[in-house]
Amino acid sequence: DALLDVQNLTVQYPKDGGTVRAVDAVSFALRKGEVLGLVGESGSGKSTIASAVMQLLKPPALVSQGAIYFAGSDLTQLSSEEVRRLRGNRIAWIPQAAMNALNPVMNVREQLAEALRSHQSMSKDEIAERIDEVLAQVGLASRWAAAFPHELSGGMRQRVVIAMALVNKPDLIIADEPTTGLDVMVQVEIIKLLKNLQRTLGLSMVFISHDLPVVLSLADRTLIMNQGKIVDQGNTLALAKTS
Ligand code: ADP
Ligand code: ADP
């Protein structure tokens, strides 16, 4: 039973008086608790798929065909209000370079409180408790809650970004290049953290990267993209042996 089921998705951009298919008839499904890798060169369409699933494609991008089922509803058919609610509560997005986009004038606690959608209906103590819980999940000692982004290392900033994605207890996380730009040692730490979150929280994730070894170390199954198409897919270890 699929949590996310993308069927025949095609996304076009205008180009030179015609159109270019950034995503070309792509179909895939993700089961609950699974990490699905999406790997391919820059420009192969990975981020466009992520934006389409998040329903955050910007004009002139156009979904010209396909369906995106999340927990049984087709996201392309929902109202923008329904999509906004799903995006806040059930699907979390870690966009590319999110760690560089943290609000520089907010400390970690404030960023997490703002990311918490239900903060209006929660007491101060409940909010503090949820923030402590999520900081522990990403391996940040609670003393860092008062720190500002410039006081954190790149790896710690990425942990904050992951905490922001987790804070609403989403069913699905879409992580676009979450280890890119980090030192190799730190990449390994972040991969271990994500793997651990999959195990302990049963996290489901679409993990996007141009870096095949990184994807191989994390994903259960992997899709390989080229020029908007899925050109190979399967069990990640089996793919690694044949490539
Ligand atoms: P990836 O994430 O794999 O690097 P993208 O999804 O960003 O790939 O891009 C896929 C294709 O869509 C590329 O050929 C790119 O040039 C094109 N594209 C992306 N954004 C735009 C845009 N705003 N306008 C026109 N073409 C775009
Ligand atoms: P609003 O917050 O005004 O209701 P949206 O929910 O559409 O509007 O989100 C505004 C922006 O916040 C989006 O363009 C996107 O970059 C980011 N965003 C929304 N939902 C999420 C999410 N679940 N995870 C990460 N980023 C998100």
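Assess whether Ser217 counts as being closer than 24 Å to Lys32 by Cα and within 16 Å of ligand 1 (Cβ to nearest atom).
Criteria not met by Ser217.
Quick check on Lys58: is it within 26 Å of Arg90 (Cβ to Cβ) and touching a Gly at 6+ places or on another chain (Cβ under 7 Å)?
For Lys58, the condition - within 26 Å of Arg90 (Cβ to Cβ) and touching a Gly at 6+ places or on another chain (Cβ under 7 Å) - is not met.
Counting only residues that are within 16 Å of ligand 2 (Cβ to nearest atom), give me the helices (runs of 4 or more DSSP H) lying completely in the range 139-243 with at least 1 of them.
Here the list reads 154-166, 184-201.
Conditions (1) under 27 Å from Thr180 (Cα atoms); (2) in a loop (DSSP other than H, G, I, E, B); (3) touching a Phe, Trp or Tyr at 6+ places or on another chain (Cβ under 6 Å), marked per residue:
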position: Leu4; (1), (2), (3): yes, no, yes
position: Thr10; (1), (2), (3): yes, no, no
position: Gly37; (1), (2), (3): yes, no, yes
position: Thr48; (1), (2), (3): yes, no, no
position: Leu56; (1), (2), (3): yes, yes, no
position: Arg87; (1), (2), (3): yes, no, no
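Restricting the range 179-214 to residues that are among the hydroxyl-bearing types (Ser, Thr, Tyr) and out of contact with any Leu (no Cβ under 6 Å at 6 or more places or on another chain), which is farthest from Asn100 (Cα to Cα)?
Thr200
Can you run down the residue pairs with Cβ atoms below 7 Å, 6 or more apart or on separate chains, where the first is in the range 138-150 and more than 13 Å from Arg109 (Cβ to Cβ) and the partner is open to solvent by 70 Å² or more (accessible area, probe 1.4 Å)?
Within 7 Å, the pairs are His150/Pro104.
So is Ser42 closer than 20 Å to Ala98 by Cβ and part of a helix (DSSP H, G or I) or not?
no
I need a count of the residues in the range 138-153 that are touching a helix residue (DSSP H, G or I) at 6+ places or on another chain (Cβ under 9 Å) and either within 19 Å of Ala98 (Cα to Cα) or open to solvent by less than 20 Å² (accessible area, probe 1.4 Å) (or both).
Residues meeting the conditions: 11.
Take the range 71-85 and flag every residue that is part of a helix (DSSP H, G or I) and within 15 Å of ligand 2 (Cβ to nearest atom).
Passing the criteria: Leu75, Ser80, Glu81, Glu82, Val83, Arg84, Arg85.
When the residues of the range 26-70 are filtered to those that are at positive phi and open to solvent by 50 Å² or more (accessible area, probe 1.4 Å), which remaining residue is nearest to ligand 2 (Cβ to nearest atom)?
Here the answer is Gln55.
Ile131 versus (1) farther than 29 Å from Lys46 by Cβ; (2) part of a loop (DSSP other than H, G, I, E, B): which is the lone unmet condition?
Looking at each condition in turn, Ile131 falls short on (2).
Looking at Ile94 and the list (1) open to solvent by 70 Å² or more (accessible area, probe 1.4 Å); (2) of a type in the set (Val, Ile, Thr); (3) within 16 Å of ligand 1 (Cβ to nearest atom); (4) closer than 30 Å to Ser142 by Cβ, which single condition is not satisfied?
(1)
Among the residues of the range 53-108, write down those that are charged (D, E, K, R) and either in contact with a helix residue (DSSP H, G or I) (Cβ under 8 Å, 6 or more places away or on another chain) or in contact (Cβ under 8 Å) with a residue 24 or more places away in the chain (or both).
Passing the criteria: Lys58, Arg87, Arg90.
The values are calculated or read from the model by the stated rules, or taken from the named source; none is laboratory data. Given the structure is predicted, the values throughout are model-derived calculations rather than measurements. No Cβ is skipped: glycine too gets one built from the backbone with ideal geometry, and neighbour counts run over all protein chains shown. Just the protein is used for accessible areas: all its heavy atoms, side chains included, with ligands, DNA and RNA removed. Shrake-Rupley method; radii C 1.70, N 1.55, O 1.52, S 1.80 Å.
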